[in-house]
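Please treat every number below as a calculation from the coordinates, not as lab data. For clarity, every value in this text was computed on a predicted model and none was experimentally measured. Cβ placement follows ideal geometry from the backbone for every residue including glycine, while neighbour counts extend to all protein chains displayed.
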Amino acid sequence: MAWGSLSVLLMMLALVFLAIRARSSGRPGRRPLWLLLGGGVLFPLSVMAALLAYAYLAAPAQGEPAYRVQVTGHRWWWEVRYPDAPGAARYSANVLHVPRGVPVLIELGASDVIHGFWVPRLGGKMDAIPGRLNKLVYTAEEAGVYQGQCAEYCGIGHAAMPFQVVAHNEAELSRVLDSLPTHSQGSP
Ligand SMILES: [Cu+2]
């Protein structure tokens, strides 16, 4: 992707250079249409089409999600709900407890403004948008703590909106879920 965008940038710079030179040489009459169409439209279009195809083909295949977590962005904290916890739904704040080695479906929403849900070590980011349900699948291969961060500026408390994904083995996860409250406790 870096090489592709670099090639587009270099092409644009070359065209700008050609345009400036043509003007300062005092022969502005000719309009090099093939340069505009070729360099300005066809070239970037084909580079981006190739990158798009590559991104789709190279994306790792995610298995069927086997675990579901609902996350709501608030100013300025993350509410986490486990709808499928045994017994009753459970809640946590700023921490997602997930099973290790299993694709986790994250259903993402927001209550006030747009937030950005991102755990760099687990994959791409996704906007959390009020009135909309976005879906994201993460797989945490190793047990442990993965740092996440709100990646969309959402107001004065934006920088204080980090969160954690904690991947557990099976027995530990059910113990943790049992210890969580069955109602949202609000902002921590
Ligand atoms: Cu935010």
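Basic side chains Lys and Arg get +1 at the Cβ, acidic Asp and Glu get -1 at the Cβ, and with that the dipole of the chain about its Cα centre reaches some 1280 debye.
When the helix-only estimate is applied to the chain (DSSP H runs of n ≥ 4, each -39,500 (n - 2.57), divided by the residue count), what is the mean residue ellipticity at 222 nm, nearest 500 deg cm²/dmol? Walk me through the numbers before you get to the answer.
Numbers: 4 runs with 54 residues, N = 188.
Result for the chain, helices only: -9000 deg cm²/dmol.
Ranking Y67, W3, Y54 by how far each Cα lies toward the positive end of the dipole of the chain (charges on Cβ) leaves W3 at the top.
Residue separation times 0.36 nm, minus the C-alpha to C-alpha distance between E64 and E172: what's the value?
Values: separation 108, 0.36 × 108 = 38.88 nm, distance 2.24 nm.
Once the chain is fully extended between E64 and E172, it gains 36.6 nm.
Using the Kirkwood formula on the Cα atoms of the chain, what hydrodynamic radius do you get, in angstrom to one decimal? Across the chain, the inverse of the average 1/r is 19.7 Å. Couplings 3J(HN,Hα) of the range 37-52, computed from phi: 6, x, x, x, 10, 4, 5, x, 4, 6, 4, 5, 5, 5, 5, 4 Hz, in residue order, whole Hz [Karplus 6.51 cos²θ - 1.76 cosθ + 1.60, θ = phi - 60°; x for Gly and Pro].
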